[in-house]
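The values are calculated or read from the model by the stated rules, or taken from the named source; none is laboratory data. Note that this is a predicted model, so its numbers are computed, not measured. Neighbour counts run over all protein chains shown; Cβ positions are idealised from the backbone, glycine included.
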Amino acid sequence: MDDWAELIDQYGPLVYRCAWRILRHRQECEDVVQDVFTSAWTDPNLAQIDNLGGWLTRIATRRAIDRLRKREPLLSSDLHQSAIDWECGLEASELSESVRREVASLPDQQGLAFSLKHFQGMTNKEIARQLDISPSAVSSALYSARQTLARVLTPLFSGEKQ
């Protein structure tokens, strides 16, 4: 693609939304967008890519998951809310962060499939096309991801301590 401004205008919002659904942090999402377009700029095979939107989304998902893996745990002192809102907000934020961390710790194919399905709202067929795998491999990856997440997260949502 010759016109980078056009490429960024066309695909930038898609890449940002992809990162946002995983990270929920403006600065990190902007960093992911920059990383993705830097990768596209330096990729010698860019002209041969048939589905540029899918390729950029896949890179954005991977970069967002990588950033999620590097995050520090949420500290309760970071929340500045009223006492009741603070407690509810803290619990919800910690649970949300726990879910995102566990998704980030899944094997790559499972993590990508789960993120595309549940954070991006893609169908299994779209995920298969995106990841260049069969629909049955997508179903298998999603099943394995859900089993792992259920095993690890059930104690958190039921209030049990691990």
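I want to confirm something. Restricting to region 93-144 and keeping residues that are in contact (Cβ under 8 Å) with a residue 60 or more places away in the chain and of a type in the set (Lys, Arg), which single residue is surrounded by the most Cβ atoms within 10 Å (Cβ to Cβ)?
The residue in question is ARG100.
Every residue, every condition in (1) modelled with pLDDT under 85; (2) over 13 Å from the mean Cα position of the chain (by Cα), yes or no:
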{"site": "ILE65", "(1), (2)": "no, no"}
{"site": "ARG69", "(1), (2)": "yes, no"}
{"site": "HIS80", "(1), (2)": "yes, yes"}
{"site": "GLY89", "(1), (2)": "yes, yes"}
{"site": "SER98", "(1), (2)": "yes, yes"}
{"site": "PHE114", "(1), (2)": "no, no"}
{"site": "LYS117", "(1), (2)": "no, no"}
{"site": "SER134", "(1), (2)": "no, yes"}
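Under 6 Å between Cβ atoms, which residue pairs at least 6 apart in sequence (or on different chains) link something in region 19-30 that is within 10 Å of ARG67 (Cα to Cα) with a partner that is in a loop (DSSP other than H, G, I, E, B)?
These pairs meet every condition: ILE22/PHE119.
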